[in-house]
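The structure appears right after this line, and notes come after that.
The values are calculated or read from the model by the stated rules, or taken from the named source; none is laboratory data. It should be emphasised that the depicted structure is a prediction, and the values quoted were computed from it without experimental measurement. Quick reminder, even Gly has a Cβ in these numbers, built from the backbone with ideal geometry, and neighbours come from all protein chains shown. With ligands, DNA and RNA removed, areas are computed over all heavy atoms of the protein, side chains included. Shrake-Rupley method; radii C 1.70, N 1.55, O 1.52, S 1.80 Å.
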Amino acid sequence: MALFDSNFLQKLEYLSLVSRRVFRGELLAQKRTKQLGGGIEFADHREYAPGDDFRHVDWNLYARHGELLLKRFQEEQDLHVYVLLDCSRSMSIGNPSKFDLARRIAAALAYIALADLDRVAIVAFANGVVADFPLTRGKARVLSLLEFLEQQTASGEATNLSDLVTAFVHRTQRPGLAIVVSDFFDPQGYQSAIDKLRHHQFEPRLVQVHDATEADPQLLGDVELLDVESNELRKLTVTERNLAQYRQAFADFLASIRTYCGRYGLHETIARTDEPFDELILGMMRLHGPA
């Protein structure tokens, strides 16, 4: 079955409608940034200067105090949503693969943002930026975005979030939501990279994707294990004690993501490949949207 078939598109439209009607778009609600401009929400006053438009003078204030001041207003700017998609080889694990689920999640979040008139970009990465879908707006761009996601493969070298974020934050772009969809299996750790996103005024959201066999492998006895990113082959004798230690280590890894996000007030989602993507997205809406 194609990754993005007609049934998938119908699910995207349904999720978009649920986001707007039930949860009022809260899933992606960093909330649009505001700047001084021609909006309707009052911000403050400034002194009148020759050449200013008299229509902006606060005549009520002038009548009361004799001060010639201009009203300044706020206007909303479109929310910029950047989806950072892990394309390293470890994402190929699972049936369906982690990469398939990650691309479906990325597609759903991008569709919801485009339907809400936000601007969306996709950055595919492994040990750096692999491919880009540039910032775009409007549901008319959905098919092009899906085609871009369809073309990506989980074939990049080992995950390096630090190099990715360093390249990403030095681009000429406005801060916004930075949704990282990854297994976060980065030998250097993920925290410093996410810290850098926060430091540069992005709002990170973490979506950790893993397969059930990674959380609870069914291995005992003499086995050969292949590291899909380094191609290193290792022969091991796995005991029940080893399995228990591994399961605890993996549980601790997931807990560390939750703890890190909780410390800084970030949203996180833990996603398993045996969970339907639409149920995951609905779960994110219930968690992040209003009760």
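Results, tabulated for the structure shown:
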item	result
Ranking by accessible area, most exposed first, for K139, K11 with a 1.4 Å probe	K139, K11
P(r) of region 141-206 over all Cα-Cα pairs, binned every 5 Å from zero, in whole percent	3, 14, 23, 21, 21, 14, 3, 0
The chain - Rg (one decimal) and Dmax (whole number), Cα, Å	23.3, 89
Summed side-chain charge close to A2 - residues other than A2 whose Cβ falls under 14 Å, Lys, Arg +1, Asp, Glu -1	-1
Calculated [θ] (222 nm, deg cm²/dmol) that DSSP helices of n ≥ 4 give over the chain, each run adding -39,500 (n - 2.57)	-12000 deg cm²/dmol
Reachable aspartates and glutamates from K196, criterion Cα separation under 15 angstrom, eight or more residues apart if same chain	D163
Rg/Rh ratio calculated on Cα atoms of region 248-290 (Kirkwood radius)	1.02
Percentage, to the nearest whole number, of Cα pairs in region 102-216 over 21 Å apart	38 percent
Candidates Q248, Q218, Q191, ranked by Gaussian network fluctuation over the chain, Cα under 10 Å, top entry	Q218
Point-to-point label distance, D274-E67, nm (Cα→Cβ direction, 7 Å offset)	6.7 nm
Cross-link partners of K235 among aspartates and glutamates (Cα-Cα below 20 Å; sequence separation of 8 or more within a chain)	E214, D216, D222, E224, D227
Phi to ³J(HN,Hα) by Karplus 6.51 cos²θ - 1.76 cosθ + 1.60 over region 227-233, Hz, x for Gly, Pro	7, 5, 8, 9, 6, 7, 9
FRET efficiency for L233 and D5, using Cβ-Cβ distance with R0 set to 25 Å, rounded to 0.05	0.10
The chain, relative contact order [Cα under 8 Å, separation at least 6], %	19 percent
Probe 1.4 Å, accessible area per residue of region 124-219, Å²	43 Å²
Where labels lie 7 Å past Cα in the beta-carbon direction, separation of L219 and Q191 in nm	2.7 nm
Largest-first ordering by accessible area, 1.4 Å probe, given options R247, R286	R286, R247
Built amide H within the under 5 Å cut-off of T269, gap 5+	L206, V207, Q208
Carbon and sulfur %, accessible surface of the chain computed with the full protein complex present, 1.4 Å	50 percent
